[in-house]
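J.: Please see the structure below; I have some questions.
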Amino acid sequence: MKHLLWLITTCYLGAALGCGAGLAAETAMTVQPIGNDAYILTPAYGTNIGVFKTAGGLVLIDPMPGEDQLVQLEQQIKSLLGAPVQFILNTHAHADHQGGNSYFVQKGAVLLADSSHLAGFQSASAASHTTLDTVFYHKASNSIFVGDIYDRSWHPTFYAGGLAGFHQAINAILALGDNQSLIVPGHGKPGSKAELRQFQLHTTAWVARVQQLSRAGKTVDDIKNDAEIKRILQQFNPEPTADFVPEQALVRFIERTLTLIKKEQ
Ligand SMILES: [Zn+2]
């Protein structure tokens, strides 16, 4: 339970950080067109929500919780696309990605486990951020919604799958679409496949450095203050902001990484 709570906390914290403008922008919802009848909607909550009008009906990825925000989300979708939500997909089972499912199900939408019955979509699953992460490729907009496998506002959180699961998940994403595909993380700005590859390299470097320092007998505190560790951490955030991971969260990230290293040995 503690494990689950921590994961959820990191998501919420990641969401808050990803929001950028912070709590002051409580009512704002960012609308980003990514193709014909395809949008990323980002409420103040910080979760990147996908919405697509398709021949088979309107598809929604990752509605977040919160009655007020869901009313706003529903209105926004209607004004942009003029249709009700028909199908819901979730990248994973954290509240900030599926907390709004029941709101739309009550209004007639159908929750799908994957996109296999939806024309124009492709999906892939892995265990990385959670024991079941699913990514969705929308062909018409050439966008891939990857949930919290990739986060451009936080450090990686590959706690369920370890480094092996992480690489499996990233490679599954890289196998979808083409080199121009837009990679939409669960939180933070969308990026490219080149940036995703960099994120993969930084994550490998992070684990290797933590392992190296741990083998040399360094404590979590030593690791936290290591110059190379600080440099790698900063690279997880392409828009540099000082201390984007607070100290306490950094300590937890190091501890979790050490646990995973021990498990994988
Ligand atoms: Zn999550």
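The values are calculated or read from the model by the stated rules, or taken from the named source; none is laboratory data. As the structure is a computational prediction, the values presented were derived from the model and not from experiment. Backbone-built Cβ (ideal geometry, glycine too); neighbour counts: all protein chains shown. The protein model used for the area step is the full one, side chains on, heavy atoms only, and it has no ligands, DNA or RNA in it. Shrake-Rupley method; radii C 1.70, N 1.55, O 1.52, S 1.80 Å.
J.: Around Ile34, which amide H atoms from residues at least 5 apart in sequence, or from another chain, sit under 5 Å from its own amide H, with H modelled in the peptide plane?
T.: Those qualifying (amide H under 5 Å, at least 5 residues apart or on another chain) are Tyr39, Ile40.
J.: Highest mean first, how do 31-43, 86-98, 103-115 rank when packing is the count of other Cβ atoms within 10 Å averaged over residues?
T.: Order by mean packing, descending: 86-98, 31-43, 103-115.
J.: While we're on this one: Can you give the extra length, in nm with one decimal, that the chain gains between Val31 and Leu112 once fully stretched, where that is 0.36 nm per residue apart less the Cα-Cα distance?
T.: Full extension from Val31 to Leu112 adds 26.7 nm.
J.: For the range 82-93, what does the Karplus curve 6.51 cos²θ - 1.76 cosθ + 1.60, with θ = phi - 60°, yield as ³J(HN,Hα) per residue in whole Hz, taken in order and with x for Gly and Pro?
T.: For the range 82-93, the Karplus-derived couplings read x, 8, x, 5, 9, 10, 10, 10, 10, 6, 6, 8 Hz, x marking Gly and Pro.
J.: Tell me which residues come under 5 Å, amide H to amide H, from Leu182 once H is placed; ignore anything under 5 positions away on its chain.
T.: Excluding prolines and chain starts, which carry no amide H, the hits are Ser143, Ile144.
J.: Go from 0 up to the bin containing the longest alpha carbon distance in the chain, width 5 Å each, and give me the % of pairs per bin.
T.: For the chain, the pair-distance distribution reads 1, 6, 14, 18, 19, 16, 11, 7, 4, 2, 1, 0, 0.
J.: Now, a different point. When the accessible area of the range 2-190 is computed with all protein chains present and a 1.4 Å probe, what percentage of it is carbon and sulfur?
T.: It is 55 percent, rounded to a whole number.
J.: Something else: Rolling a 1.4 angstrom probe over the protein heavy atoms, how many square angstrom per residue are accessible across the chain?
T.: 45
J.: Work out the charge dipole of the chain with +1 on the Cβ of Lys and Arg and -1 on the Cβ of Asp and Glu about the Cα centre, then indicate which of Thr130, Gln75, Phe104 is farthest towards its positive end.
T.: In the chain, that residue is Thr130.
J.: Near the amide H of Leu111, under 5 Å away, which other amide H atoms are found, from residues 5 or more places off or on another chain, if H is placed in the peptide plane?
T.: For Leu111, whose amide H was placed from the backbone, the distant partners under 5 Å are Ile88.
J.: Where the Cα atoms of the range 148-265 are projected onto their three principal axes, how long is each span, largest first, in whole Å?
T.: 44, 33, 19
J.: Another question, if that's okay. In whole Å and largest first, what semi-axes does the C-alpha gyration tensor of the range 95-174 yield when each eigenvalue is scaled by 5 and square-rooted?
T.: 23, 16, 11
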